[in-house]
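Taking it in order: structure first as structure tokens, then the write-up.
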């Protein structure tokens with residue numbers, strides 16, 4: 001849970017999938033991280049199988065942004081920095097409005 005947020009969404013080593021109803025977190029390895037093409041599209045398809053409604057990373061490519069919109073998956077960009085999973089989850093748990101970009105706590 002002390003892992004840092006990936007700066008590039010599609011090349012993440014793994015994904016933390018958080019079920020907000022049960023509060024369970026599962027970690028899924030990214031099976032597409034080493035592919036040369038269409039990585040973001042494949043990752044979004046993979047995550048949509050888990051019924052993901054939001055994805056969080058330091059950045060998203062243009063093709064990923066378009067595909068996420070088609071799949072109704074909200075993208076949340078955290079500023080580049082030392083964003084730990086525990087801090088992100090804490091912020092999300094206490095955020096009443098996730099329509100904008102969350103800000104890091106000071």
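Between residue 4 and residue 93, the modelled label-to-label distance comes to 2.3 nm, taking each label 7 Å out from Cα in the direction of the beta carbon. Look at 92, 5 and count the other Cβ atoms within 10 Å of each Cβ; fewest to most, that gives 92, 5.
The order of 42, 51, going from fewest to most other C-beta atoms within 10 Å of their C-beta, is 51, 42. Highest-first packing order for the peptide set 6-13, 31-38 is 6-13, 31-38, based on the mean count of other beta carbon atoms within 10 Å. For the pair residue 51 and residue 69, label points projected 7 Å from Cα toward Cβ lie 2.7 nm apart.
The slack in the chain from residue 33 to residue 13, taken as 0.36 nm per residue of separation less the alpha-carbon distance, amounts to 6.5 nm. How much of the DSSP beta bridge set in the range 9-93 is antiparallel, as a percent to the nearest 5? Of the beta bridges lying entirely in the range 9-93, close to 55 percent run antiparallel.
Coordinate-derived values only; no laboratory data. Being a predicted model, the structure only gives us computed values, none of them experimental. Please note: Cβ atoms are built from the backbone with ideal geometry, for glycine as well, and neighbour counts cover all protein chains shown.
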